[in-house]
Each structure stands twice: as C-alpha cells, then as structure tokens.
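The values are calculated or read from the model by the stated rules, or taken from the named source; none is laboratory data. Nothing here was measured: the structure is a model prediction, and the numbers come from that model. Here the Cβ positions follow ideal geometry from the backbone for every residue, glycine too, while neighbour counts run over all protein chains shown.
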C-alpha cells in the first residue's frame, strides 16, 4: 500500500492568504472503524486509511484550530472501535468534535469519547462563529432524520447566537446530489430542517458526510457541502451503489470574520489497496 502528497480540488473563494483571526477547520468523515485495528470494509483497512489521512492533514494544515468528524465513525458501533477512533484523533492535537451517522450508536459514542479534547457537543462558539453539530441518526435505518428534540435545540441555538456566523454539521445530506441510491437515504425531513434554517440569515454553511464524495452548491445563499470519506469514495451521480477510484480524503474550511467560507477538499494522490469494487453495498 502506498500513499503520497494530496491533490486539491473544489477550491472555493480563492487563495490561502487568510486573516489571522479566521477559524481554520478540518472536516473528516465516514472513517468506518471496527473493534479491531485489522477491521476491513470492502477489503479496505479503514483504520490504516484514517491514519494516513490524519498524517497528511497534520503535515499540510499546520494551523488548524479544530476538527469535525461527521458521522459513520465506527461501522460496528463497538466501544472498542470508538476507543480506537479517540486514540487516532488525539494525534491531531486540536479540539475535535464528533457527531453520529447511521452506522453509529449515539449513546455508545457519547460514553466512549465525550470529554476533552475529543467531544460530542451540540454546539461550540469560537472567533465569532457558532458551529452546530446535529444528530441525524434514525435508529434502525440508513435514512436520516432530525427528531423534535434536535430541531428544537437547533432553533434555540440559532436564536441564542444571532450575531454569530453559523456553520451547521450533520451526517446525512439535506439536498439531492443526483445519485439515485444515495438520494433515497438522505435526510428524510429536510423540509422541517430548512423551515428553521431559512429563518436565520447568520447561517453561512451546512456540511455533511454520508455521501463519500465532495459536492458544493448554494441554496438561498448558504453553501452546502459534502465531504470525502477517510476510506473509499462513492461514484458521483451513480444510479446504484458504486465505488469510485478516488483515494481517501478530507475537507479544509476557513471561516472568515466577515462570514465568508473558503473551502477545498483534498485526496491522497496515490493510495493503493485492495477494494471490492464489485460489491452492491454493505
């Protein structure tokens, strides 16, 4: 297995010359770890790919203020898997905030890794920004859903910080991405979600995991983002489950004091491993 320097794509809003008071954020997503370090998904050792992604981000993003990990943290939802995740995330050396995906158990997640510097808060406020982490896990389903408690807390937090630029994070995508099989398992009640967010102009971005690929579009002026997985990627605009040939990756976001978001995604430029590309799912 080999890796090398990363390739950058989907750059938004230009260069890397950012004000010193910007908030530098690393987003990791969908590591799909297991209880054992040797655990494999579709033939890929997911812990090893996460380690390579973290090493790349540490080398190329030295000024990161915090990291976000947006779901499907542990594929088998095992306490041992979350312990492995916590150990690897500590190597980032920055506060790191996690939220659950459809393969996670939120209670086990909270019990296993909540604390400092790895935590599972609902929101954090820093440098004039509010970052909200939603739980779109729907027990027993690959679909996403924000229950009444999550929606109420979202409304409360937005109302409490009207003068903070806001980034919302969740696992499931809230808009269709023209991939038929993935769009069948997106956020089930996106209309309820947008009914709240559309009333709050301080929201500048919404970022998700789940889709194992990069996408960016704007909705009512808000930047919507999907993020590559730290393991394998899904083929864009596919009708059925299909693995892409892109390598593990991550997203880098710069949150500026004026509310602008500059972002790009990075993939390891070479990552050779055995992946079962004929699988119809997992």
Residues of region 89-122 satisfying the condition of being at pLDDT 95 or above, touching a strand residue (DSSP E or B) at 6+ places or on another chain (Cβ under 8 Å) and farther than 21 Å from residue 141 by Cα: 89, 90, 92, 94, 95, 96, 97, 118, 119, 120, 121, 122
Hey, residue 94 buried (at least 22 other Cβ atoms within 10 Å of the Cβ) and either farther than 27 Å from residue 181 by Cα or touching a residue at least 12 places away in the same chain (Cβ under 8 Å) (or both) or not: no
Of all residues in region 5-23 being more than 13 Å from residue 250 (Cβ to Cβ) and either touching a helix residue (DSSP H, G or I) at 6+ places or on another chain (Cβ under 9 Å) or not in a loop (DSSP other than H, G, I, E, B) (or both), the one that is modelled with the highest pLDDT: 23
Scope region 171-193; condition free of Cβ contacts under 8 Å to residues at least 40 places away in the same chain, outside any loop (DSSP other than H, G, I, E, B) and within 19 Å of the chain's Cα centre (by Cα); matching residues: 183, 190
Some residue of region 46-65 being surrounded by fewer than 22 Cβ atoms within 10 Å (Cβ to Cβ) and within 21 Å of residue 172 (Cβ to Cβ): no
Scope region 248-282; condition part of a loop (DSSP other than H, G, I, E, B), surrounded by 14 or more Cβ atoms within 10 Å (Cβ to Cβ) and either under 16 Å from the mean Cα position of the chain (by Cα) or on the phi > 0 side of the Ramachandran plot (or both); matching residues: 248, 259
Test: residue in region 148-167 that is touching a residue at least 40 places away in the same chain (Cβ under 8 Å), farther than 19 Å from residue 200 by Cα and in contact with a strand residue (DSSP E or B) (Cβ under 8 Å, 6 or more places away or on another chain): no
Hey, residue 57 assigned to a helix (DSSP H, G or I), on the phi < 0 side of the Ramachandran plot and out of contact with any strand residue (DSSP E or B) (no Cβ under 8 Å at 6 or more places or on another chain) or not: no
Filter result (exposed (fewer than 13 other Cβ atoms within 10 Å of the Cβ) and part of a loop (DSSP other than H, G, I, E, B)) within region 109-146: 115, 116, 139, 140, 141
Residue count for region 162-177, restricted to those that are closer than 23 Å to residue 27 by Cα and either surrounded by fewer than 24 Cβ atoms within 10 Å (Cβ to Cβ) or modelled with pLDDT under 95 (or both): 6
Selection count, region 118-145, where residues are over 16 Å from the mean Cα position of the chain (by Cα) and more than 21 Å from residue 85 (Cβ to Cβ): 11
Options 228, 236: the member that is assigned to a loop (DSSP other than H, G, I, E, B) and either without any contact (Cβ under 8 Å) to a residue 60 or more places away in the chain or surrounded by fewer than 22 Cβ atoms within 10 Å (Cβ to Cβ) (or both): 236
